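This report concerns only the one structure given below.
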């Protein structure tokens, strides 16, 4: 019966209804889930060993910020030496000053939050 094709023309309407009900009951039934008792231990044993966490902090961002502050200050001084009436120099000087202040504030806030 499992391997035979289903020919609905030979079935009575009652048999078709019963077959539909059986199919619906089978599809709606929740499967029984069985988890072996040692499943978590087996999965945990397959995990790779954890690498040791580095306790030495790196300060790459802080060092890069100090370098950027020094470069911004040098560029600000270089632009300030060219005292002309061009608006371009004023805009560049304002941008460099803004960058310098933003980096200094960010560095001071970050150092205070790390402690």
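Read the figures in this text as sums done on the coordinates, not as results from a lab. Predicted model, so just to flag it, every value in this text is computed and none were measured. For neighbour counting, all protein chains shown are included, and Cβ atoms are generated from backbone atoms with ideal geometry for every residue, glycine included.
On a 0 to 90 degree scale, rounded to 10, what angle separates helix 87-114 from the longest Cα axis of the chain?
Result, in degrees: 60.
If each of residue 64 and residue 11 carries a label point 7 Å out from its Cα toward its Cβ, how far apart are those two points in nm?
Computed distance between label sites residue 64 and residue 11 equals 6.8 nm.
May I ask you to order 87-97, 19-29, 42-52 by the average number of other C-beta atoms within 10 Å around their residues, highest value first?
Details: 87-97: 13.5, 19-29: 9.3, 42-52: 6.8.
In decreasing order of mean packing, 87-97, 19-29, 42-52 become 87-97, 19-29, 42-52.
Expressed as a rounded percentage, what relative contact order does the stretch 31-115 have, with Cα pairs under 8 Å and six or more residues apart?
In percent, rounded to a whole number, it is 29.
Mind pulling the per residue volume of the convex hull built on the Cα atoms of the chain? Å³ is fine.
Expressed per residue, the convex hull around the Cα atoms of the chain is 389 Å³.
Report, please, the projected area of the stretch 60-114 averaged over directions, based on the convex hull of its C-alpha atoms, in nm². Don't skip to the answer; put the middle values down first.
Numbers: hull surface 14.6 nm².
Seen from a random direction, the Cα hull of the stretch 60-114 projects 3.7 nm² on average.
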